[in-house]
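What follows is a single structure, written as structure tokens, with notes after it.
The values are calculated or read from the model by the stated rules, or taken from the named source; none is laboratory data. Everything numeric here is computed off the predicted structure, so don't read it as measured data. Neighbour counts run over all protein chains shown; Cβ positions are idealised from the backbone, glycine included.
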Amino acid sequence: MGKLTYLLAFFCYLLAAPNTFAQQSFAKSFPALTEGWAIQQTQDDGFIITGRTGDIINIVDNDIFLLKTDVDGNELWSKTYGQNDLEQAFDLIQTQDGGYVIVGLSSSFSGGPTDVFFFKTDTEGNEIWQKKYGGLNVPDQANTVLESKDGNALYLAGCYDCPRPPLDPGRHDCYIIKTDKFGNLSWSKIFGDANTKEEAFDMIELADGNLLVLGTIIHPNGNEDILLYKIDANGNVLFVKNFGGPSVEAARKIIASNDGNFLIGGTSFAFDPQEIQPDAIVLKIDADGNEIWSKNYGGFGAEIITDIIMTNEGNIAFTGVTWSYGSEDGDFYLVNLDADGNELWVSSTGGLGEQSAKGFAQTNDGGYAMVGISLIGPKMEFIKTDALGHLRSNNIHGKVFHDSSSDCLFQTDERNLANWMIEARGEQTFYGTTDENGHYSIPVEQGDYIVSIRPPNAYFSPCQNNYNITLAEANDTSILDFAMQTLIECPSL
């Protein structure tokens, strides 16, 4: 192959696969942190994550953590927040002034039932203020937080008087709180009925300042439906709507679609009454709560949605846990849909034991970041994929050099070869190029590969080519150097 042909072929490859070199993927475990619940990418391309530390059974000693990482998922700093009893975080936002607001629950103030607990930090995780709200001697919690568009208010949504099984079910009503930007109470509202159990999980502010509050309602017969409130900025109810059939539907997230409507992500048994496993469900509604379409997703096992987003490309993506794809033990679940809800691709990532994604964000390079829990440990899992949901946590790297001593070993006086192409061929084929120091690095998925070098002309030959390697587990690495010997001596080489 002539040099011009080689360059043209490589240029065509770059046009066909522009993200191969730009997108980073990784899988990170944090044994000291139990469970991640929310994640956002920060302005420096790193990540901020919150969740809980401590035992998942004896939860009395759980604390809230805040973790800052760099773009590659490496810890920069972490801090814990809590006193002598239970603290747990469920949501995180970065406010317009650059700080972070974290919401959840705490029993440290009452010494008994939990209260709504939220606090604000600066960009380094230093606490600025903290607040707690709730009823007297009843357990309460906040599941989500929203900053108003003008930056002057915070809205919290969760549950009032909501003890968890096996305790008495309590009143279990939707609990909405509005504060100023410093966390000082403006008002709080409780929505529910004596014969039903309600809980709010998410909300979104509309252009007119009203809010849609998403939750779940459990009827006296045990059926569970998706619940939607529309309220004004003072907490007055404008309408209430339920979505569901004779079985179970549960919702967790609501987002705005690009056409001015709204998307709800949740879980449903209703598409097949004979099913014993739930499906993921996405509903599209208008601002008045009228259903436009609903679609379910999944395989032979169970699927649960925990978070949903609109992508930068105008598609819909959601995450959660799947028992249909991957290991069948329960894996991180990532699905991409077009704007009409048609499935484009499905990805699952996991290892031994159940792994469940809780928080979700699209990254600046077009990939996806997910945090959650692995029950083996337990420990927090942090996964970053490329734009197609591929986890390429494995790596093939090495050096390409001119072996002028003809001993197939690198000597310090031998010349590095820049801009050479290396190919890793398996079920998929991946490429890398060498930098000015002759180094290359190719992120790949697990599997078997034949790794070879593609010289730009016929004047070089490698000491060894077509390496056969196996990358059997996540984060496996293979180091392969290519010593290039000249077949024809030429001063220009």
Subject >> the range 195-225, residues that are in contact (Cβ under 8 Å) with a residue 12 or more places away in the chain and either on the phi > 0 side of the Ramachandran plot or of a type in the set (A, V, I, L, M, F, W, C) (or both) >> reply: 200, 201, 203, 204, 206, 209, 211, 212, 213, 214, 217, 218
**OP:** Count, please, the residues in the range 343-373 that happen to be surrounded by fewer than 18 Cβ atoms within 10 Å (Cβ to Cβ) and either aromatic (Phe, Trp, Tyr) or at positive phi (or both).
**Re:** 3
Subject >> All positions within the range 375-422 that are touching a Lys or Arg at 6+ places or on another chain (Cβ under 6 Å) and within 30 Å of residue 487 (Cα to Cα) >> reply: 402, 421
Original post:
Which one of these does residue 273 not meet: (1) loosely packed, with under 15 Cβ neighbours inside 10 Å; (2) modelled with pLDDT of 95 or more; (3) closer than 25 Å to residue 196 by Cβ?
Top reply: (2)
**OP:** Provide a single number: the residues in the range 400-442 that are within 43 Å of the chain's Cα centre (by Cα) and hydroxyl-bearing (Ser, Thr, Tyr).
**Re:** 6
**OP:** Return a yes/no flag: does the range 399-410 have any residue that is assigned to a strand (DSSP E or B), among the hydroxyl-bearing types (Ser, Thr, Tyr), surrounded by fewer than 16 Cβ atoms within 10 Å (Cβ to Cβ) and not assigned by TED's automatic domain parsing to the domain that holds residue 316.
**Re:** no
Original post:
Being at pLDDT 95 or above and of a type in the set (Phe, Trp, Tyr), is that true of even one residue in the range 46-53?
Top reply: yes
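Are there any strands (runs of 3 or more DSSP E) wholly within the range 90-166 with 1 or more residues that are at pLDDT 95 or above and charged (D, E, K, R), and if so which? Walk me through how you get there before you give the answer.
Working: elements: 100-106, 115-121, 127-133, 141-147, 153-160.
By residue number, 115-121, 127-133, 141-147.
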Original post:
Does the range 9-39 hold any residues that are modelled with pLDDT under 60 and among the aromatic types (Phe, Trp, Tyr), and which are they?
Top reply: 10, 11, 13, 21
**OP:** Go through the range 181-231 and give me each residue that's acidic (Asp, Glu) and over 31 Å from the mean Cα position of the chain (by Cα).
**Re:** 193
**OP:** With the checklist (1) surrounded by fewer than 19 Cβ atoms within 10 Å (Cβ to Cβ); (2) more than 23 Å from residue 386 (Cα to Cα); (3) at pLDDT 90 or above in hand, flag the one item residue 339 doesn't pass.
**Re:** (2)
Original post:
residue 202 is checked against (1) charged (D, E, K, R); (2) surrounded by fewer than 20 Cβ atoms within 10 Å (Cβ to Cβ); (3) not in a loop (DSSP other than H, G, I, E, B) and fails just one. What number does that condition carry?
Top reply: (2)
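Okay, residues lined up against (1) aliphatic (A, V, I, L, M); (2) surrounded by fewer than 15 Cβ atoms within 10 Å (Cβ to Cβ); (3) in contact with a helix residue (DSSP H, G or I) (Cβ under 6 Å, 6 or more places away or on another chain):
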residue	(1), (2), (3)
105	yes, no, no
122	no, yes, no
131	no, no, no
138	yes, no, no
Original post:
Restricting attention to the range 337-362, and to residues there that are part of a strand (DSSP E or B) and over 13 Å from the mean Cα position of the chain (by Cα), which single residue is farthest from residue 258 (Cα to Cα)?
Top reply: 346
Original post:
Do any residues in the range 64-79 that are surrounded by fewer than 20 Cβ atoms within 10 Å (Cβ to Cβ) have Cβ atoms under 6 Å from those of residues that are part of a loop (DSSP other than H, G, I, E, B) and at pLDDT 95 or above, where the two are at least six apart or on different chains, and which pairs are they?
Top reply: 79/125
